[in-house]
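Worksheet: one structure, shown below.
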Amino acid sequence: FKLGPGGLSDIEWTVQALQMEHGHRVAELRTTRTLDALDAAVEAGLLEADDTEALRHGWLMASRLRNATVQVRGRASDQLPHDARQLAAVSAVLQYPPGHTDEMVNDYLRASRRARSVVDRVFWG
């Protein structure tokens, strides 16, 4: 969730790069809240709405998975469980119907790929 392509670090580093580059003239970027900074970036015309939505969705999905994994394992983790029962439990915490664990994993992979695509374009140029 944190270090993988399109994960939390990718998204947060991209937002922080925008903050460092444009924060001197866009006061709303001067926040420690990633989602608020994304809103400020799109309002200032620094990001397209679709790109902002991809980053927001990726950040929220990764955060929710991370939190659900902590609930299931009882400890912090930055990776999905490999154990099928734990993975199903994470899926249940996120309110996926029973038997839809693959859907949850695919939703996360899709969200992280979309976020990484934006990161590659915005952060790396």
(request) Answer with yes or no whether Val105 is of a type outside the set (D, E, K, R), under 13 Å from Thr14 (Cβ atoms) and either out of contact with any strand residue (DSSP E or B) (no Cβ under 6 Å at 6 or more places or on another chain) or loosely packed, with under 13 Cβ neighbours inside 10 Å (or both). (result) no
(request) Quick one: which residue in Arg66, Arg110 is within 16 Å of Leu3 (Cβ to Cβ) and at pLDDT 95 or above? (result) Arg66
(request) Within the range 30-45, track down each residue that is among the hydrophobic types (A, V, I, L, M, F, W, C) and either exposed (fewer than 14 other Cβ atoms within 10 Å of the Cβ) or farther than 17 Å from Arg116 by Cα (or both). (result) Ala37, Ala40, Ala41, Val42, Ala44
(message) Could you check the range 108-125 and list, in sequence order, the residues that are within 18 Å of Met20 (Cα to Cα), out of contact with any helix residue (DSSP H, G or I) (no Cβ under 6 Å at 6 or more places or on another chain) and surrounded by 14 or more Cβ atoms within 10 Å (Cβ to Cβ)?
(response) Asp120
(message) I need a count of the residues in the range 1-28 that are surrounded by fewer than 18 Cβ atoms within 10 Å (Cβ to Cβ), out of contact with any Asp or Glu (no Cβ under 7 Å at 6 or more places or on another chain), under 24 Å from Thr69 (Cβ atoms) and not aromatic (Phe, Trp, Tyr).
(response) 4
(message) Step by step: first the residues of the range 61-91, then only those that are loosely packed, with under 14 Cβ neighbours inside 10 Å and without any contact (Cβ under 8 Å) to a residue 60 or more places away in the chain, then the one that is farthest from Val122 (Cα to Cα). Which residue is that?
(response) Arg85
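The values are calculated or read from the model by the stated rules, or taken from the named source; none is laboratory data. Please read these numbers as outputs of a predicted model, since none were measured by experiment. FYI the Cβ positions are ideal-geometry reconstructions off the backbone, even for glycines, and counts take in every protein chain you see.
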